[in-house]
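These notes concern the structure reproduced below.
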Amino acid sequence: SLGFQDVLSHGRTSPVTSYKKLQGWSSDQNKWNEKLYPFWEEGDPRWKDCWKGGRVTAKLDTDSPALVGSNVTFVVTLQFPKCQKEDSDGNIIYERNCTQDPPTSQDQQVYVYNWTEWIDSCGWENCTSNHSHNVFPDGRPFPHYPGWRRRNFVYVFHTFGQYYQTTGRSSAVFSVNTANITLGKHVMAVSIYRRGHSAYVPIARASAVYVVTDKIPIFVSMFQKHDRNISDSIFIKDSPITFDVKIHDPSYYLNNSAISYKWNFGDGSGLFVVSSSTTSHTYTLQGNFTLNLTVQAIIPVPCRPVTPTAPLPTSAVTTGASSNSDFSTTVESMEDNPDGGCHIYRDGYYRTGISIVEGILEVNIIQMTSIQTTESQAENSLVDFVITCQGSLPTDVCTVVSDPTCQVSKSVVCDPITVTDECLLTIRRAFEEPGTYCINITLGDDTSQALASALISVNGGSSSGTTEGVFIFLGLLAVFAAIGAFVLYKRYKQYKPIERSVGQAENQEGLTAHFSNFKAIFFPSSTERNPLLKSKPGIV
């Protein structure tokens, strides 16, 4: 006769091993009821007829890696053939208006499997032999929770020499505590059976690898305001970098723990220990640095009596890897419990290399001037913008002209520039129609970018082509970096417009400039005709 190990190993062979028991699980040495739950090898022709309309597949997902002592969760989802789905009663039906045969009637639902009818007409509920069907492969009866008769699938999970069985609908979710699972990679396998007339029918199998570790799984994201590409580990000198630490703890095992973060930024600034998962640091030197982070969690556990004890026994689990084989008792070792057993200490580590370079830190529009035009050019109003920046010298410039609300881009242009000494340049822009405009000017290099924003009102000139009134506003404009996790082409940027209503613009003749502090993103197209006029030396 078959045992659970024979059915659930899926062709894998494993030595006879003594495992620590998982709560709610049973040994795979138990006998399997092959009459009620037939077992088919892969390639058996009966698989072709196990489901009407095609094959069912199963997808098994896990939230691994799991810190030892926490719960690891598995989700198995059945994927039915095209045009089939599960209804609210747990039956399988054909979707209406689907091209797959057989066609569905507009007046009557067509079923793939109408298990409700089977149950109501005796097959699984009122017949004398019914009790022999509502059992698992090991003979245990189905739990009688509300709606249990509408769960038409049986899921049998297998790992670590043990199995867990449950009923469900087209998906099933369950968790297992990892306290008695050794460190390392393990395989979770699942076999799924559907309800049949006289027996259950196998329909799908699936497996997934999960990891149990004694190191806290952590992920670190880094953000810097002026950084052009957050994924290249290259950051700007003299600009704060924000570090955000995420602990992977989906079962909330560490919720009541005291967690500390020890940072070494690798620049000789020393060690920093904080209790917040978010911190910032500013590198003042250029170069390559190695960042190290240690996260420590002090996990409360029931205290043990303070009495002399004999040396702890080794784990009952025997594996080939000696580094992991003794883990079953490490949750009780003095190394993890230096205070005598009231707490467990767990650490997580993160290490990465980063490069610090010079970057563009600030952009200022220091002057705007209306340019008088000839009669032939009267249809365009020309404005010169004098731009300065701090930090490294830019290699490209982008200008975006948008509507007054900064939501709709009217023209975009990006061009390379050459600045050899001082970051001071003039950009001449042409405005075809009078009105109020939102303008963003961005300077960038290979690793950084910064921008300045302004609202301007341009009124049309007289027939002689001159614009009456020139208003020049001096002052600093706050700089914002574009946020993006991708490498932008030098000539194509994307602007995020600033918020301002049309009614806020001043109604006055001539050229009026309104400076504002805004963030911006860039738009990837250019509709401007001949936007950069270079008739004057030093003008871009």
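Structure values in brief
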| quantity | calculated |
| --- | --- |
| With every protein chain in place, the stretch 360-458: carbon and sulfur % of accessible area (1.4 Å) | 45 percent |
| Pairs from LYS59/LYS185; LYS21/LYS59; LYS215/LYS237; LYS52/LYS82; LYS215/LYS262 whose Cα-Cα separation, in the structure shown, is over 23 Å | LYS21/LYS59; LYS215/LYS237 |
| Which of HIS343, HIS133 is most accessible, then next, and so on - probe 1.4 Å | HIS343, HIS133 |
| Residues of the stretch 360-458: accessible area per residue with a 1.4 Å probe, Å² | 34 Å² |
| Shape call, the stretch 360-458: gyration tensor on alpha carbons, a/c limit 1.5 | prolate |
| Taking the stretch 150-276 and dividing mean pair separation by its residue count, relative contact order in percent (alpha carbons under 8 Å, at least six apart) | 16 percent |
| Nearest-0.05 FRET efficiency for ARG304 and ASN255, computed from C-beta distance (R0 35 Å) | 0.95 |
| Residue-level accessible surface for GLU358, protein heavy atoms, 1.4 Å, Å² | 70 Å² |
| Stretch gain in nm, segment ARG96-ILE230, where the contour uses 0.36 nm per residue and the Cα spacing is subtracted | 43.5 nm |
| Solvent-accessible surface (1.4 angstrom probe) belonging to SER257, in square angstrom, nearest 10 | 20 Å² |
| Residue-level accessible surface for ASP49, protein heavy atoms, 1.4 Å, Å² | 130 Å² |
| Ranking by accessible area, most exposed first, for GLU362, GLU42 with a 1.4 Å probe | GLU42, GLU362 |
| Most to least packed among 365-371, 243-249 [average Cβ atoms within 10 Å] | 365-371, 243-249 |
| Potential extension, GLN296-THR405 segment - 0.36 nm per residue separation minus Cα distance | 34.4 nm |
| Computed over the stretch 360-458: relative contact order in percent, which uses C-alpha pairs under 8 Å that are six or more apart | 33 percent |
| Other-chain or far-sequence residues with amide H under 5 Å of ILE241's (modelled H) | HIS281, THR282, TYR283 |
| Theoretical gain in end-to-end length, VAL173 to GLU34 [0.36 nm per residue, Cα-Cα removed] | 47.5 nm |
| Inter-label distance for ASP238 and LEU285, nm, one decimal - labels placed 7 Å from Cα along Cα-to-Cβ | 1.7 nm |
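The values are calculated or read from the model by the stated rules, or taken from the named source; none is laboratory data. Computed from a predicted model, the values in this text were never measured in an experiment. Because the Cβ atoms are built from the backbone with ideal geometry, glycine has one as well, and the counts that use them run over all protein chains shown. Note: accessible area is taken over every heavy atom of the protein model, side chains too, but ligands, DNA and RNA are not part of it. Shrake-Rupley method; radii C 1.70, N 1.55, O 1.52, S 1.80 Å.
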